[in-house]
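Following: one structure in structure tokens, then a few remarks.
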Amino acid sequence: MEPAERSLAVDARFAGSRVDVFLAGKLSLSRAQARRLLARGAVRIGRRTLTEAAKGERLAGGETLAVARFTHPADQRAEAQPDAPLTVLAEGDGWVAIDKPAGMPVHPLDPDEVGTVLNALIARRPEVHAVGEGGLRSGVVHRLDVDTSGVLLVATEARAWERIRAAFREHRVEKVYRALVVGRLEEDGAIELGFVTARHRPAKVRVVSAGERSRGVRPGSLRWRRIESFGDRATLVEVMPRTGHLHQIRASFAHLGFPIAGDRVYGSDPAGAAPPRQMLHASAIACEEIAARSPDPPDFQAACERLRRTD
């Protein structure tokens, strides 16, 4: 059994290191996982319990961090939910494509969290556990925002996880989204932008201006095709992202002045007339032999029908 508390000495090599970076390196965690330890109050320096706000503090060297006992993320297991709904769109050798509903997270953040795609899938396909990153991210090869619906790929075997992850990393996965944007978008187009994370909880990114230099800039590239206009109020578009940065479709269209309808992070709705969630749907995905398509969900269809009736 692991000790109730472990001690991490900060020697001279780590002087000047950020707290979250030091914890991540010493405990084989991601920085996000290290921040969750801080948020739980599981880390002390002397008698001072560190909070998540201390993640960026610089260590002087010579300190000792005390870390309360915790289960490493790779050893955690998502709770199986056999009664949770799950729609399989397609499956093949080592992979399955799920039709993720809006409002359902991809995977839990804590072992006792339920109501995610992984909870439902692991009840039906227990072999998913420990695939890929393992733990509460078992089998996950990419993500969709909680309020984005549509096709989600999950690997059920380790070799398939490696293969599909490589395809995403090398931009070989063809992804198609359908989005309802605010305003009249007159023509098809394409855009390349740089993004940095502006906030972690809740997540938000910001566009980096052409002349700005910033650490951690991630490139985003997408193109779109106009499908249908609803007067000057909204436009239905098909979006083909090449990259997969967090919130890149939502932030890109907001930057262009056409935020996704219902997006309360990157858009605005002072009159309260927007849909209850962002109208963004992952409609298709293809890579090598993998192919899956998801029809527009009822709420997306209803939003378009309302616009057609009042056009």
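FYI, it's all coordinate maths here, none of it is from the lab. Please read these numbers as outputs of a predicted model, since none were measured by experiment. Note that each Cβ is placed from the backbone with ideal geometry, even for glycine, and that neighbours are counted across all protein chains shown.
Express the C-alpha Rg of the chain as a ratio against the empirical globular expectation 2.2 N^0.38 Å, rounded to two decimals.
Numbers: Rg = 21.6 Å, N = 311, 2.2 N^0.38 = 19.5 Å.
So the Cα radius of gyration is 1.11 times the expected 2.2 N^0.38 Å.
Give the shape of the stretch 174-310 as rounded, prolate or oblate, defined through the alpha-carbon gyration tensor: a ≥ b ≥ c are the square roots of its eigenvalues, a/c under 1.5 means rounded, and otherwise the shape is prolate if a/b is larger than b/c and oblate if not. Mind showing how you got there, number by number?
Values: a/c = 1.71, a/b = 1.25, b/c = 1.37.
Note, shape of the stretch 174-310 comes out oblate.
Can you give me the distance in nm between label points at His171 and Met240, each placed 7 Å from the Cα along the Cα-to-Cβ direction?
Taking the simple label geometry, His171 and Met240 are separated by 1.3 nm.
Give me the tail of P(r) for the stretch 75-169 as a percent: Cα-Cα pairs with distance above 21 Å.
Details: 928 of 4465 pairs.
For the stretch 75-169, the share of Cα pairs beyond 21 Å comes to 21 percent.
Using the reciprocal of the averaged 1/r over all distinct C-alpha pairs, how large is the Kirkwood radius of the stretch 1-52 in Å? Present the calculation step by step, with values, prior to reporting the outcome.
Values: mean 1/r = 0.0862 Å⁻¹.
Kirkwood radius, the stretch 1-52: 11.6 Å.
So, counting K/R as plus one and D/E as minus one, what does the shell of residues with Cβ under 11 Å around Arg125 add up to? Numbers along the way, then the final one.
Numbers: positive: Arg124; negative: Glu91, Glu127, Glu157.
Within the 11 Å Cβ shell, the charges total -2.
Arranged from highest to lowest average of other beta-carbon atoms within 10 Å per residue, in what order do the peptides 52-61, 149-158, 228-237 appear?
Details: 52-61: 14.2, 149-158: 23.2, 228-237: 17.4.
Going from most to least packed, we get 149-158, 228-237, 52-61.
On a C-alpha basis, how far is the centre of the stretch 231-283 from the centre of the stretch 56-78 in Å? Whole number, if you could?
Value for the Cα centre distance between the two parts: 38 Å.
Structure shown: which of Lys26/Lys100; Lys100/Lys204; Lys175/Lys204; Lys55/Lys175 lie over 26 Å apart, alpha-carbon to alpha-carbon? Before the final figure, lay out the partial values.
Values: Lys26/Lys100 36 Å; Lys100/Lys204 22 Å; Lys175/Lys204 22 Å; Lys55/Lys175 35 Å.
Distance filter (> 26 Å) returns Lys26/Lys100; Lys55/Lys175.
Among Ala160, Pro101, Ala53, pick out the residue whose Cα is farthest towards the positive end of the charge dipole of the chain, where Lys and Arg carry +1 and Asp and Glu carry -1 on C-beta, about the Cα centre.
Checked the options; the winner is Ala53.
Which FRET efficiency, nearest 0.05, do Asp75 and Glu192 yield, Cβ-Cβ r, R0 35 Å? Don't jump to the answer; show the numbers that get you there.
Values: r = 40 Å, r/R0 = 1.15.
Once the sixth-power term is evaluated, E becomes 0.30.
What size of dipole, in debye to the nearest 20, comes out for the chain about its Cα centre when the only charges are +1 on Lys and Arg C-beta atoms and -1 on Asp and Glu C-beta atoms?
Details: 47 positive and 40 negative charges, 249 e Å.
My answer is approximately 1200 debye.
Evaluate 2.2 N^0.38 Å with N set to the residue count of the stretch 95-248, then give the Cα radius of gyration divided by it. Intermediate results must be reported in sequence, preceding the final value.
Details: Rg = 17.4 Å, N = 154, 2.2 N^0.38 = 14.9 Å.
Scaled against compact globular proteins, the figure is 1.16.
In whole Hz, with x marking every Gly and Pro, tabulate ³J(HN,Hα) for the stretch 301-310 from phi via Karplus 6.51 cos²θ - 1.76 cosθ + 1.60, θ = phi - 60°.
4, 5, 4, 5, 5, 4, 5, 5, 5, 9
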